[in-house]
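Contents: one structure, followed by commentary.
The values are calculated or read from the model by the stated rules, or taken from the named source; none is laboratory data. This is a predicted model, so every value here is computed, not measured. Note that we place each Cβ from the backbone using ideal geometry, even for glycine, and neighbour counts take in every protein chain shown.
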């Protein structure tokens, strides 16, 4: 799970400053996202990032692993692990198996 989230040059985190200072790689990862935001002139990054996350989820079951924005920011620095590609059917089966196991009723 992400330890921080960047919009523009603002890094948001539920953790305190000491947490980020102990993880210089994470700060560098978020800085790379701020440059992505700058290069895409701001808000276009958000829907493009969403598309990248959807593509990654379809291919691996993980929204970060094959997301081009996370890969360019260095997955390891962001504390993401790279997941292998998997068949689309497996991803969809994993997603919908939780829905099938829910109890029905009011």
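Within region 81-97, the only residue that satisfies the criterion of being assigned to a helix (DSSP H, G or I) and either modelled with pLDDT of 95 or more or surrounded by 14 or more Cβ atoms within 10 Å (Cβ to Cβ) (or both) is 91. As for region 40-47, it holds no residue that is within 17 Å of residue 2 (Cα to Cα), modelled with pLDDT of 95 or more and exposed (fewer than 14 other Cβ atoms within 10 Å of the Cβ). Based on this model, can you work out whether residue 3 counts as assigned to a loop (DSSP other than H, G, I, E, B) and either touching a helix residue (DSSP H, G or I) at 6+ places or on another chain (Cβ under 6 Å) or closer than 19 Å to residue 82 by Cα (or both)? Yes, satisfied. Return yes when residue 56 is within 12 Å of the chain's Cα centre (by Cα), in contact (Cβ under 8 Å) with a residue 12 or more places away in the chain and either surrounded by fewer than 13 Cβ atoms within 10 Å (Cβ to Cβ) or assigned to a helix (DSSP H, G or I) (or both) and no when it is not. Yes; evaluated as a whole, the condition is true for this residue.
Condition check ((1) surrounded by 15 or more Cβ atoms within 10 Å (Cβ to Cβ); (2) at pLDDT below 95; (3) in a loop (DSSP other than H, G, I, E, B)) across all residues:
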| site | (1), (2), (3) |
| --- | --- |
| 63 | yes, no, yes |
| 71 | yes, no, no |
| 79 | yes, yes, yes |
| 102 | no, yes, yes |
